[in-house]
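Visitor: Have a look at this one.
Derivation of every value follows stated rules applied to the coordinates shown; laboratory data play no part. Quick caveat, the model's predicted, so the values are computed rather than measured. Counting neighbours? That spans all protein chains shown, and the Cβs are built from the backbone with ideal geometry, glycine included.
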Amino acid sequence: MDTVKDSKGMTLIVKTVTRITIGFILLYGIYISLNGDSAPGGGFAGGVIIALSLVHVMLAFGKEVALKRLHSYAMRFSISIASLVFLYVVMIRWHGSYSHIVIPLAEMVIVGAGLFAIFVALVLLSKSDKDSE
Amino acid sequence: MIEIHLILLFMIAAAIIAVEVKDLLSSVIAVGAVGIGLCMAFLVLKAPDLAIMQLVVEILSLIILIRATIRKDLPFSKSGRWVFNTLATVSFIAVFLTIAYVALKNLPAFGSGPMRVSKAYLDSAVAATGSKNVVASIIVNYRAYDTLGEVAILFTALIGILAVARRIGKK
């Protein structure tokens with residue numbers, strides 16, 4: 001609850017709505033990427049939705065929370081696992097019975113984290129943002 | 001086919017508004033209207049995969065545009081060289097219309113392409129890959145190295161940004 005009292009970011013209403021909806025947005029991204037073999041969507045679209053949910057958190061709670069998420073060990077760990085999985089799939093030309101689950105999940109993690117990192121680099125680390133604070 | 005023409009007219013109007021309006025935020029929002037019109041055009045043309053992709057990427061790029069470019073004091077001059085600018089614009093429009101007329105006359109009619117390559121995919125993709133979504137089966141199976149390259153590009157960008165924005169060595 002201490003993030004609610006924090007004055008950074010948007011108002012209390014936006015923070016509360018963000019805290020309620022963030023799980024649903026993440027679930028929708030995972031649904032889009034897992035359901036890509038039988039419905040419109042796929043790993044890339046699900047990854048962009050994941051990145052949009054992280055951007056949503058950043059816009060609501062401010063800069064520090066987003067940078068903390070980017071630097072967290074869970075995020076680095078999942079990115080490394082996803083890229084190793086992708087390398088494994090390519091190296092042995094894996095086409096097993098679970099490839100329609102594993103490949104979109106790995107692609108989703110890398111695309112979501114990559115687009116969020118590009119957003120952070122373009123918006124948070126720029127000089128104009130530092131001047132305005 | 002009347003819907004696609006209405007959507008195209010809406011997109012052209014929004015693009016002209018985006019170029020001509022003075023306020024930068026209004027211009028960015030008009031660009032977003034163009035993107036939403038493109039998304040609806042994909043839906044009308046029965047390409048829901050492309051529509052989802054267009055919608056999510058459009059929203060992300062709009063947020064980046066608003067957050068990254070609105071705050072800067074961009075220099076915006078409208079004076080000087082208007083004769084050259086007008087002449088260049090008119091000549092480019094004339095060249096574009098001429099080449100488009102010649103090129104579009106030789107194309108097959110809208111919606112009835114030759115389908116030499118894609119017919120083989122449409123016939124064999126569902127049986128060969130077991131995926132009901134032919135677009136996803138082409139992206140992940142037949143064109144898997146495209147996906148690998150795309151992931152490699154994003155992973156390289158991610159590594160670079162994590163290396164630049166790390167805490168160690170920042171102070």
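Visitor: What share of Cα pairs, in percent, lie more than 29 angstrom apart in the protein assembly as shown?
Guide: 50 percent
Visitor: Right, here's the next one. Within 10 Å, count the other beta carbons around each residue, average over each peptide in A:29-39, B:152-162, and list them highest first.
Guide: In descending order of packing, they fall as A:29-39, B:152-162.
Visitor: For the stretch B:1-74, evaluate the Debye formula with one uniform point scatterer on each Cα (no solvent term) and list log10 I(q)/I(0) at q = 0.28 Å⁻¹, rounded to two decimals.
Guide: -1.20
Visitor: Here is a further query. Label-point separation (nm) for B:I64 and B:L6, each offset 7 Å from Cα along Cα-to-Cβ?
Guide: 3.3 nm
Visitor: Taking the mean number of other Cβ atoms within 10 Å as a proxy for protection, how do you rank B:90-96, A:68-74, A:101-107 from highest to lowest?
Guide: A:101-107, A:68-74, B:90-96
Visitor: Counting helices only, and only those DSSP H runs with n ≥ 4, report the 222 nm mean residue ellipticity of the protein assembly as shown as the sum of -39,500 (n - 2.57) divided by its residues, in deg cm²/dmol to the nearest 500.
Guide: Here the helix-only value at 222 nm equals -25500 deg cm²/dmol.
Visitor: Averaged over peptide B:129-141, how many Cβ atoms belonging to another chain are found within 10 Å of each residue's Cβ? Spell out each step's value before the answer.
Guide: Values: counts 3, 3, 4, 3, 8, 0, 4, 11, 3, 0, 5, 9, 4.
The shielding value for this peptide is 4.
Visitor: Report the number of Lys pairs in the stretch B:1-153 whose alpha-carbons are under 20 Å apart, with separation of 8 or more residues or on distinct chains.
Guide: The result is 5.
Visitor: So for the pair B:I93, B:T156, with labels modelled 7 Å out along Cα→Cβ, what separation do we get in nm?
Guide: That separation, rounded to one decimal, is 4.0 nm.
Visitor: Just want the ordering: B:S26, B:S61, A:S83, from fewest to most Cβ atoms lying within 10 Å of their own Cβ.
Guide: Values: B:S26 12, B:S61 16, A:S83 20.
With the sparsest Cβ surroundings first, the list reads B:S26, B:S61, A:S83.
Visitor: Something else now. For the pair A:A39 and A:A74, how long in nm is the line joining their label points, each one 7 Å along Cα→Cβ?
Guide: 2.5 nm
Visitor: Report the full-extension gain for the segment B:S124 to B:A109: residue separation times 0.36 nm, less the Cα-Cα distance, to one decimal in nm. Can you show the working numbers first?
Guide: Values: separation 15, 0.36 × 15 = 5.40 nm, distance 2.56 nm.
Length gained, B:S124 through B:A109: 2.8 nm.
Visitor: Hey, what D do you get for chain A in µm²/s if you plug the Kirkwood alpha-carbon radius into Stokes-Einstein at 37 °C and 0.692 mPa s?
Guide: The calculation lands on 205 µm²/s.
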